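Notes follow once the structure below has been shown.
The values are calculated or read from the model by the stated rules, or taken from the named source; none is laboratory data. Source: prediction; values computed, not measured. Note: ideal-geometry Cβ built from the backbone for every residue, glycine included; neighbour counts use all protein chains shown.
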C-alpha cells in the first residue's frame, strides 16, 4: 500500500472531501481565515520585512538612505558563497542523520515494547535542556584530540599516535550537532506518532504487506506533515545556529553563515546592519524554498489518521530485537546526554573550567547567594512559561484556521509562521526592535516586558507551530462537525474535541518552547533593559568574564528546573491522555494482536 | 551557621546604625540628605574633593540612588562597583552587558523611544558611540588630580570636549601554562612567536572574527610592531579557537603551552583560583586597550553617574582597578600582581582610535587572507 492508497483508505471515519468543502463553505468559522492571516502577517512578517528593508538602508534608524552597496558587497564577496556552501552541506548531512535517529527513537518509545523505552523522554529532555554553548564546550573537552576523555579511554585499549576522536573537525561538528538535534526532533515528532492510529497499518498487513513494508509505506507517509515540517525546521535551525559551529568548526577552519552575520554585527568599525541583513536574506530565501517544496510535496493529500471510531495504539513486539534496541538507547543516552551533562556538572563543581582537583559546591553557593541571579530564575521561568503558552495558543489557532479552507489566507498563515525561523536570534531581535520604533504607538514599549515577550513569542512560533502542525493535520474536521450536529457550539467543538485530541502535541509544544525560551540569549540581551536580566543574560555575563564554571553552575540549576517542569508536563499529559482515551472510546489493548511476528495478524 | 551569620549581620548593622546616629549627632553636616555616610579617610581625598563628592552624593541620593551601566566586562569590574557601593552607601549599580550591534541598537532604541535606561557607557569602542551623539560632555574634577602621569599623556586619555575619559587600560600579553613550559623560556618580544619552533604550541582567539584576538593583532599591525610576514608565521604556528573563553580553557587544561593575546585580568583571576597559568608582559610594545567611560546623553541619574566617574579617578577607585588585574592610569596605585605602573608599562605607540576604526576593514581583509587557509 503506497501513500496514494492511504489517501483513499483514510476516507472511512471522515466525510467525503466534496461534502466537507460544501459544509465548510457554510461554516461561519471559515470567515475567520482572513483576519487570522492578516494578524499572522502583521505579527510574524513585519519584523522580517524590517530586516529585508534594512538590507537596502545605510542605517535602519533615523537618518539613513537607500543603497544597494551592502547587497553588492555581500553578494560579490566569495566568503559569502564559501560559507553558504559549508553551511548547507553540514546542515543537510546533520539533519539527515539526526532525523533517522529521531524517527528510530520516537518509534521505539511510542510503538514498541523495547526495554528502557520509558527512559527515552527523560534522556531527550536532558539533551534539549543542554544549552548549545555548553553542549559545544562539553564535546570540545570530551572529544579533544590531546586531552579528551574519550581519547584517553580509547587509547587505554588501542594504541594510537594521536586521539582518534576529534570533535573539532567536519565530522565532529556534524556528529555533535546531530546528537543534539535528535532531542528537538524527537519531541516535535512525538505528538504525531502518539496520535497515530494503527488501523491503517493493520489494513496494510491484511492486504499482505510485511511489517517493515507496512511501516515504511503506510505509517511514515501519513506522518509526512510532521516529518517534513520537522526536517525543514531542523535545517533552518542549523542554518542559523552559531554556538556549536563557532566552538567546534572554527578550529577546523569551518566558517558558517551565522559566523559571518556575527562578524558583520560586531565589526571593529561598528555594526554593519545592512550587510548582516543582506546575508540574512539568503537564510530567508532558503527557508521559503524549503517551505514551498514541502507544500508541493504534500499537495492536496489528506493526512488524517485519527478517527472517531476509537483509539488503536497497540505496540509491536520486537521479539529478539528487543535487547539490541535497548542497547541503542543506552549508547545514545551515553553519548548525547550522560557524557556532556557529566562534563557540565564536573565543570560546575570545579574552581575553574578544566581543573582536575579542588572540586566543591562553591559555585552553587555563589549562585544561590546572588539575589539578582535568584530573581532571574523566577523571572525566566515566568517569561518562558507565558511566552511558550502564548506561542502554542497562537500556533493552534492559526493552524486550525489555516485548515478550514484552501486558498490565499491558508498559504499566508502557513508561510508567516515559518518566517521567523529563518533569522538568527539577534537579527530577529533587531527586526522586532526596528518594527516597534517604526510605529509611534509602540515606541514607548521598547525595553518593557511587552516587547520582550512579543519578540520571544515570535522567535519560538516556528517551533511551537511544528509541534502543533503534524497533529492538527491528523485530526479530521468530521469530529468537530459531528459535535456541531450533536448541538455543541463551535467554540466548544474546537476546544472540547480538537484541542483535547491534540493535547499531547500541545503540551509537547509548550514544553519544548519553554525549554528553548528559558535558554534563549540574543533577544533578552537586546530587549530586557527594564525588566531585569533573564538567566541567560547572567550566564552570558559570567561566560564572557571567563567565569565558565559559574555559568555552568547556573545552567545545572536551570536544567534541574527544566526537568522538574518536564516531569510536571508529563504528568499533565498522561492525565489528559487518559481523558482523551475516554473521549475517543476505550483504548484497545493490542498486546499479542499487535505482534508483527504473529502470523494471525497477516 | 547561616542563621547565626544573619543574626550577626543584623547585630553588626544595628551597631553601625547606633554608631552612625552618634556620628550624625556629632557632625551632622557630613551626612547628606537621604541617608548614608561618607568616610573621608576611606575615600582618601582632599577637603575640596571631599566637598565635591559629598555634594554629588547628596544629589545622587535625591535621584533615587540608582545607577545603570551599559557596556562590557561588568563581571570583571564587579569588585570596583562593589567598592563604590560600599563607600557610597545607598547607591546600587545595575549593569547591562552588551557589545557591537546590540549595544548600538539599545542606545538607538532608547533615544528613539525616549525611554533612557542607562547613565554610563563603558567600552573600548566608545568613539563610535560618541560620534553617534550618545555622550554628553563631562570632565570629572578628580581626573585632573590623578597622580603620576604627565600632561601630554593625560590629554590623550579623553577627547577635546570630554565626551569620554579613560580611567584604565586592559592589558594584553602572553598566557602560559606553567606545567607545560617554564615562563623563563618564553620570549618577551612579539617577533619571536613567529619562529617555526613554536609551531603547534600557540593558541589564538581567531583574529578573523571580532574579539580579543582581532583587536590585538590589529593594533600590533597598525603600530608597526609586526608586519604581514609575522602574521603569516603566527598563522602557521597557532591553533585558532572560535571563542576567547575556550581558548583560555585550552590553556588552563594544558592542551597548549602558550596563549597569544591573553587578557591579564582573566589570567590573573584563573591563577588566583589555582589554575597553572601565568600572565607575561613583553619587554616593549605591550598592548593596552583603553577602557573609555562616558556620561550618556539623557542619563536618568546624571548626578549619580558623575559621582561614579569621579570615584574612578580617586586613589580608592584606581586601586580597585589595579586589584582586579587591570592597569589604572594613576602612578599611586600598586598592582598586587607586580605589574608596572601605567607610565612604566611600555605600551605600544598606537595610532588614534579613529584611524584604527577607519583601517578596520582593510586589516580584517589581511587577517582573513592570512588566517583562513585556503580562502
Inset, instruction - Out of B:80, B:76, B:117, report the one residue that is facing chain A (nearest Cβ under 10 Å) and either out of contact with any strand residue (DSSP E or B) (no Cβ under 8 Å at 6 or more places or on another chain) or at pLDDT 95 or above (or both). - result: B:76
Legend entry - Condition broken by residue A:102, with the remaining ones in (1) away from every other protein chain (no Cβ under 13 Å); (2) farther than 22 Å from residue B:209 by Cα; (3) without any contact (Cβ under 8 Å) to a residue 40 or more places away in the chain satisfied: (3)
Inset, instruction - Could you figure out which of (1) within 14 Å of chain B (Cβ to nearest Cβ); (2) over 16 Å from residue A:91 (Cα atoms); (3) at pLDDT 80 or above; (4) outside any helix (DSSP H, G or I) isn't true of residue A:263? - result: (4)
Legend entry - Residue count for region B:162-211, restricted to those that are assigned to a loop (DSSP other than H, G, I, E, B) and assigned by TED's automatic domain parsing to the domain that holds residue B:137: 3
Inset, instruction - Starting from residues that are in contact with a strand residue (DSSP E or B) (Cβ under 8 Å, 6 or more places away or on another chain) and not in a loop (DSSP other than H, G, I, E, B), keep the ones in region B:127-137 and report whichever is nearest to residue B:331 (Cα to Cα). - result: B:127
Inset, instruction - Within region B:248-263, identify whether any single residue is under 19 Å from residue B:286 (Cα atoms), in a strand (DSSP E or B) and within 11 Å of chain A (Cβ to nearest Cβ), and answer yes or no. - result: yes
Inset, instruction - Return a yes/no flag: does region A:339-351 have any residue that is touching a strand residue (DSSP E or B) at 6+ places or on another chain (Cβ under 9 Å), at negative phi and either surrounded by fewer than 16 Cβ atoms within 10 Å (Cβ to Cβ) or in a loop (DSSP other than H, G, I, E, B) (or both). - result: no
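Yes/no matrix, rows are residues, columns are (1) buried (at least 24 other Cβ atoms within 10 Å of the Cβ); (2) touching a residue at least 40 places away in the same chain (Cβ under 8 Å); (3) more than 14 Å from chain B (Cβ to nearest Cβ):
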| site | (1), (2), (3) |
| --- | --- |
| A:453 | no, yes, yes |
| A:463 | yes, yes, yes |
| A:469 | yes, yes, yes |
| A:478 | no, yes, yes |
| A:493 | no, no, yes |
| A:500 | no, yes, yes |
| A:508 | yes, yes, yes |
| A:517 | yes, yes, yes |
| A:546 | yes, no, no |
Legend entry - Exclusive hit being away from chain A (no Cβ under 14 Å), under 30 Å from residue B:85 (Cβ atoms) and surrounded by 22 or more Cβ atoms within 10 Å (Cβ to Cβ), set B:333, B:345: B:333
Legend entry - Those residues of region B:138-161 which are in contact with a strand residue (DSSP E or B) (Cβ under 9 Å, 6 or more places away or on another chain), in a loop (DSSP other than H, G, I, E, B) and within 20 Å of residue B:53 (Cβ to Cβ), in sequence order: B:138, B:139, B:140, B:146
Legend entry - Answer from B:365, B:275, B:271 - the residue that is part of a loop (DSSP other than H, G, I, E, B), within 14 Å of another protein chain (Cβ to nearest Cβ) and within 23 Å of residue B:213 (Cβ to Cβ): B:275
Inset, instruction - Kindly indicate whether residue B:125 is crowded, with 19+ Cβ neighbours inside 10 Å and either touching a residue at least 24 places away in the same chain (Cβ under 8 Å) or in contact with a helix residue (DSSP H, G or I) (Cβ under 9 Å, 6 or more places away or on another chain) (or both). - result: yes
Legend entry - Residue count, region B:45-96 (criterion: in a helix (DSSP H, G or I), within 23 Å of the chain's Cα centre (by Cα) and farther than 27 Å from residue A:524 by Cβ): 4
Inset, instruction - Could you please let me know if residue B:209 is buried (at least 22 other Cβ atoms within 10 Å of the Cβ), within 11 Å of another protein chain (Cβ to nearest Cβ) and closer than 22 Å to residue A:270 by Cβ? - result: yes
Inset, instruction - Return the only residue of A:365, A:326, A:355 being more than 14 Å from every other protein chain (Cβ to nearest Cβ) and either crowded, with 16+ Cβ neighbours inside 10 Å or over 30 Å from the mean Cα position of the chain (by Cα) (or both). - result: A:326
